[in-house]
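Only one structure is covered here, and it is reproduced in the block below.
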Amino acid sequence: MNSFDLRLKAPAKINLVLRVLARRSDGYHELETWMQKVGLFDVVTLRLRKSPGIEMSCSTESLPQDEGNLVWRAAELFFRHSVRSLGWGLAIDLQKNIPIAAGLGGGSSDAGTVLRGLNTFFDNELSEEALLELALMLGADVPFFTVDAQSVLATGVGEKMVPVNPLSPCSFLLVNPGFSVSTAAVFEKFALTEAAKNSTISGLPKLRPETLTLSDLENDLEKVTLEMFPVIGDIKDELRDAGADHVLMSGSGPTVFAVFTGSLRRRHEAVERAADRMRRTRGEILYRVE
């Protein structure tokens, strides 16, 4: 048994590539996606209790603080599959910094972080493979947040992962327009026959983990979400005009990320100029991350 308290950072992710290949019979979609963790974090505090049961508090009052929250369900799932945790309970405090339903994987990251934290409490009782199986039961993005890799190329529904080099050296400016987008609604509207030009199903080659570069960036869902919310296109145009080297929507949106390359000084200066411009002209929520 390790310490009774853990304070953990749950990182956001961006999808540098997101290709939608096929719809499966279980409702999920076959994907090919390059994901990278970035320096925007929720904070998850776990406190073991010497009596069974789960309690939860959250800085965002609009989020459920019971079994309706993925974080709660992650803890419940771990306790059901762990022998060493028998008789123990848990108090969870979640401090939200990652915007909700924003294409940044915040809820999935929180859930994956809870699984990892509980496994740490109980001396890594569950193998990485077993932890990944639990993570997939919670959602397609959760497995990414149970592994150490900063960046992966994932296939299947996102659970088959190969660690890859992160897109580097670069800095990112995340721009969130302040509203949520339903991932399910975006996938429902996605027409497979209109998938992005580089999708594997169209006959072009799969991505190769050893050769991923800035030129590979694409998102099959971007067109769908942009049609639903044209302001995303406006944000992309503003960021290009502000000097970004590349601009793309993350996940099902609506968050857009801008990539800045070059020396550290050049990147930081360019990010600051772009952030100042976006703040003056649009007023969206901005995050400067590495």
Of 111, 242, 102, the most mobile residue in a GNM of the chain (C-alpha springs, cutoff 10 Å) is 242
So what is the 222 nm mean residue ellipticity for the chain from helices alone, if each DSSP H run of at least 4 adds -39500 (n - 2.57) and you divide by all residues, rounding to the nearest 500 deg cm²/dmol? -8500 deg cm²/dmol
Tell me the relative contact order for the chain as a rounded percent, counting alpha carbon contacts under 8 Å between residues six or more apart. 22 percent
Per DSSP, the loop-located trypsin sites (Lys or Arg not before Pro) within segment 1-101 having at most 16 other beta carbons within 10 Å are 24, 50, 84
The chain: most fluctuating residue of 214, 239, 31 per GNM, C-alpha cutoff 10 Å: 214
Taking a cut-off of 18 Å between Cα atoms, list the lysines near residue 189, but don't count ones fewer than 8 places away on the same chain. 197, 223
Using a Cα-Cα cut-off of under 17 Å, which aspartates and glutamates could be cross-linked to residue 236, ignoring same-chain neighbours fewer than 8 residues away? 218, 220, 222, 227, 245, 272, 276, 284
What is the total of Lys pairs in segment 5-163 with C-alpha atoms under 19 Å apart, excluding same-chain pairs fewer than 8 positions apart? 7
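Please give the charge dipole size of the chain, origin at the Cα centre, charges +1 on K and R Cβ atoms and -1 on D and E Cβ atoms. Round to the nearest 20 debye.
500 debye
Bear in mind these aren't lab numbers, they're just calculated from the coordinates by the rules spelled out. Predicted model, so just to flag it, every value in this text is computed and none were measured. Every residue, glycine among them, receives a Cβ derived from its backbone with ideal geometry; neighbour counts consider all protein chains shown.
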